[in-house]
Amino acid sequence: MLQEIQKRKSTRKYTSKPVSDNQIIQLIESARLAPSGSNTQPWNFIIVRADDIKSKIAEVNNNQAWMKNAPALIVCVADIRCRIKDDSEIYLDENSDLPELKQIIRDTAIAIEHILLEAESLGLSSCWTAWFTQDGIRPVLEIPNDKYVVGVVAIGYSDGEGKSAPRRPLESMIRHEKW
């Protein structure tokens, strides 16, 4: 697995070659198997292939036009109702201070990373984006106010090699026993 982790990079140029339904299902299956706090599994996924919807997502994602060229987008949505079970009205955005929101974001982020690594293992390229606001992206996909979009993952075949971003040296981030 370390080899795939080392090869993985954020890709922003894709060929027009389609990603199969089976590949998308395999990506989602990898996310489904991710760990989550108290096994709450807060994640849901919206698969987007339609050009008009991809364009709207790119627009609300800080006008990142390159996203429109990815054959598929996977919108990763966390559902706070796995932790707050009552019928109270909940509005989530970037300023929400609910501790449960932090938990579902954390758990969904793990599932997203599973998608990125599985894409690499399938020979696909990916890029995780989150340069949007909840008020911007939710209306595009008719997502309720009590759900939180954690990220959008572009999926496709790379149109060029590109290179991985530099990483800090391992020894710069390890401490033993205490800070």
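The figures follow:
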| read-out | value |
| --- | --- |
| Listed residues 162, 121, 98: farthest to the positive end of the dipole of the chain (Cβ charges) | 162 |
| Environment charge of residue 117, counting only residues whose C-beta is closer than 11 Å and scoring Lys/Arg +1, Asp/Glu -1 | -2 |
| Geometric extent, Cα atoms of the chain - Rg, Dmax (angstrom) | 17.0, 52 |
| For the chain, built as a Gaussian network whose Cα springs stay under 10 Å, the top-fluctuating residue of 56, 68, 17 | 17 |
| Residue of 112, 155, 80 that the Gaussian network model of the chain assigns the largest fluctuation, springs spanning Cα pairs under 10 Å | 80 |
| The range 33-45 - phi-based ³J(HN,Hα) in whole Hz, Karplus 6.51/-1.76/1.60, Gly and Pro as x | 8, 5, x, 8, x, 6, 6, 6, 6, x, 7, 9, 9 |
| Pairs of Cα atoms farther than 15 Å apart, the range 84-179, % | 73 percent |
| Amide H contacts under 5 Å for residue 125, placed H, 5+ residues apart | 156, 157, 158 |
| Convex hull volume per residue in cubic angstrom - Cα atoms of the range 1-107 | 158 Å³ |
| The range 58-66 - phi-based ³J(HN,Hα) in whole Hz, Karplus 6.51/-1.76/1.60, Gly and Pro as x | 4, 5, 6, 9, 6, 6, 7, 4, 4 |
| Relative contact order computed over the chain (Cα-Cα under 8 Å; 6+ residues apart), in percent | 35 percent |
| ³J(HN,Hα) computed for each position of the range 107-112 - Karplus, 6.51 cos²θ - 1.76 cosθ + 1.60, integer Hz, glycine/proline x | 5, 5, 4, 5, 4, 4 |
| Computed magnitude of the charge dipole of the range 37-179 (debye, nearest 20; Cβ of K, R +1, Cβ of D, E -1) | 420 debye |
| Distance from the range 112-179 to the range 71-109 (C-alpha centre basis), Å | 17 Å |
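Values quoted throughout were computed directly from the atomic coordinates according to the rules given, and no laboratory measurement underlies them. It should be emphasised that the depicted structure is a prediction, and the values quoted were computed from it without experimental measurement. Neighbour counts run over all protein chains shown; Cβ positions are idealised from the backbone, glycine included.
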